[in-house]
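Please treat every number below as a calculation from the coordinates, not as lab data. All of these numbers come straight from a predicted model, not from anything done at the bench. Quick reminder, even Gly has a Cβ in these numbers, built from the backbone with ideal geometry, and neighbours come from all protein chains shown.
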Amino acid sequence: MDIAMPKLEWDESFSTGVPAMDEDDKRIFAYINELGDLMMGKADRNKFTKTVFSLLNFTLRHMVAEEAMLIKSGYPMMDEHAEDHKRYLNEAKNLYVKYLAGDSDSRILSAELIGVFTELLQEHIVKVDKPCGEFLARHYPEIMPHGGEGEPSWG
Ligand SMILES: [Fe+2]
Ligand SMILES: [Fe+2]
């Protein structure tokens, strides 16, 4: 019997109003869903670790790009925001290290990462990134597709 993980779906309730941020978030959703699929199937260790590494790598890149945009825009609560990013990343990294050390397996790591990233998507995006999107739209219009002179820049 084929058992599938329930999929996390991006919808407008996650939208920050900044297309570059939303596109990155959609990719994070996709990685999490991929992990869920891998967890249920019989993926080999290589494919699994590659997906986990891509997820961590992409999330780090996204957070760095987001922080850079916020700094450029003069966002006032940068420290709190960066601290929140660091907390999620460290948590995910520690779980990955535990797996690499042989202290968990792919099912455990998948479930743990799905937990961490579901919280990131539901708590951080909705409560922290969304207000930033509004700030960026007002103070850094170049980042919006039609808000300024330049092309949207990101990362
Ligand atoms: Fe953020
Ligand atoms: Fe973000």
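Table for the structure above
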| quantity | calculated |
| --- | --- |
| Linear extension gain, D79 paired with E123, 0.36 nm per residue minus alpha-carbon span | 14.1 nm |
| Rg in Å to one decimal, and Dmax rounded to a whole Å, for the stretch 1-123 via C-alpha atoms | 15.3, 53 |
| Long-range Cα-Cα pairs in the stretch 64-143 (distance over 15 Å), rounded percent | 61 |
| Fluctuation leader among G133, G115, G102 - the chain, Gaussian network, Cα springs under 10 angstrom | G102 |
| Along the chain, longest interval not containing exposed trypsin sites (Lys or Arg not before Pro), exposed being DSSP loop plus at most 12 other Cβ atoms within 10 Å | 43-155 |
| GNM result for the chain, Cα springs below 10 Å: residue of V97, V128, V18 fluctuating most strongly | V97 |
| Gain in span if fully extended, E134 to K86, counting 0.36 nm per residue against the direct Cα distance | 15.1 nm |
| 17 Å cut-off, amide nitrogen to a point 7 angstrom out along E67 Cα→Cβ, residues in the stretch 85-99 | 85-94 |
